[in-house]
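One structure below.
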Amino acid sequence: MSKLVENQIKINETLKIILDSDAYRDSSLIKYMKFAQHLAIITENIDDVISELIRIENSLAFIRASSAHHSMISIKVLGKMINRLISIYGKEHVLELELREYYELIKPGYYFSGTRIVVIFKLPLFIKDSYDLYRLSIAPNKYQQALIPPYPLIATNRKGYVYMEAECPKYNHWYLCGEKMDHQIRQQPDCTQELIINQALDKTCQMTTITLSRISLEELDEKHYIISFPNATKIHLRCARDDYTILSGTYLITVPVNCFLFTSEFTITNTNDQIEGRPLKIMKLPYDKEVHANSSSHVYLKSIDLTRLHEAQHHLVTQPTLQIEQVPANYLYHTTIPLYTIILISVLVVSGVLILRHFGLLQRQPKVKNTPTRDDIYAKPENPGSQKTAIFHHLKMQK
């Protein structure tokens, strides 16, 4: 911007000189040469302004998308920012990542200050307390009763807990969650918190009776599954050998790598063995069936009928391949040959005209009869009064 201001000052000075009739009166060419130079400066200024506007427009677009880009902040500046944060807050409060990985973590923003746009970058800082993240599954016990949590995830330790709707972005082995209104740490008694930390049922635990009409399955990762069998069901496990058994109730199934589990309704396989966590084992709890039965509500769970969806999918898969009508190979030649012929004839005609005109000019040139001697070249003119003066100007422009 300082360069733009400097160029504008030069342009204003040049315009004053051009408008001044007394300046460079004897040599007006210099005046217009200066004006031409500053016209080039104006062009450069316009290009610089357009580039700056495009950069600001792109920055605002990235800000609206809540993502940072390397065009907004360079690697060198980002490294200085991280080092500054470490010196202020300490290394234990700043996430250790490669510099390029911070671009996914930084959240840009902006605000207006008068006629200026101020761009800000928000970098997360760690608190000292860490929490364990648990996925809460609905698994009925042998009495067909289960605890239904308010949210599918909970982050907890012995100091507090917080329920969450979805997983936060993961960096290395950490889930980085922003401190929002719905992520405030709670410390009041809670059934799930007490069950995880102390492995005990609190008085606040409300049991719900669940009736399943079909087998329910929840995938935790490629190795761990929670399966509820409402009735006695035969399963087939193939892993180096074939095993058959009959199960009824809710189970945490662990499928080894390259093994298969077959039932009448689904097939489970573990090919990549990607494990996202480990199950929490809760020891046998004292349970009073009558007390919890009186205070529990009843819920009927039914599976969604996806028959029509499966039929539509099968119809799309089995649909014959669409055959596109192919253009004959000779069709293109029939349409392009006349065009090429016309172009070739036009080129030949123009070439012939130019050649004839060239030979015609050669024949019209006058022939020199006698070669003048050295004395003839420097001879005096016969009529001095009719002599014309020739003035040659040699202009040399310097930048």
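The values are calculated or read from the model by the stated rules, or taken from the named source; none is laboratory data. As the structure is a computational prediction, the values presented were derived from the model and not from experiment. Note that each Cβ is placed from the backbone with ideal geometry, even for glycine, and that neighbours are counted across all protein chains shown.
Computed quantities for the displayed model
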item: Qualifying strands (runs of 3 or more DSSP E) (wholly inside the range 182-288; at least 1 residues being in contact with an Asp or Glu (Cβ under 6 Å, 6 or more places away or on another chain) and among the polar types (S, T, N, Q)); result: 267-270
item: Contacts under 7 angstrom Cβ, first residue in the range 79-94 being on the phi < 0 side of the Ramachandran plot, partner assigned to a helix (DSSP H, G or I) and at pLDDT 85 or above, 6 or more apart; result: Val94/Ile82; Val94/Leu85; Val94/Ile86
item: Residue selected from the range 223-245 under the condition touching a Ser or Thr at 6+ places or on another chain (Cβ under 7 Å) and surrounded by fewer than 15 Cβ atoms within 10 Å (Cβ to Cβ), by the criterion nearest to Ile138 (Cα to Cα); result: Asn231
item: Scope the range 188-212; condition under 16 Å from Ala139 (Cα atoms) and β-branched (Val, Ile, Thr); matching residues; result: Thr192, Ile196, Thr208, Thr209, Ile210, Thr211
item: Flag for Glu92 being of a type in the set (Asp, Glu), surrounded by fewer than 13 Cβ atoms within 10 Å (Cβ to Cβ) and not in a strand (DSSP E or B); result: yes
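Results for (1) assigned to a helix (DSSP H, G or I); (2) modelled with pLDDT under 70, shown as yes or no for each residue.
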{"position": "Ile17", "(1), (2)": "yes, yes"}
{"position": "Ala23", "(1), (2)": "no, yes"}
{"position": "Tyr32", "(1), (2)": "yes, yes"}
{"position": "Glu52", "(1), (2)": "yes, no"}
{"position": "Asn58", "(1), (2)": "yes, no"}
{"position": "Ile88", "(1), (2)": "yes, no"}
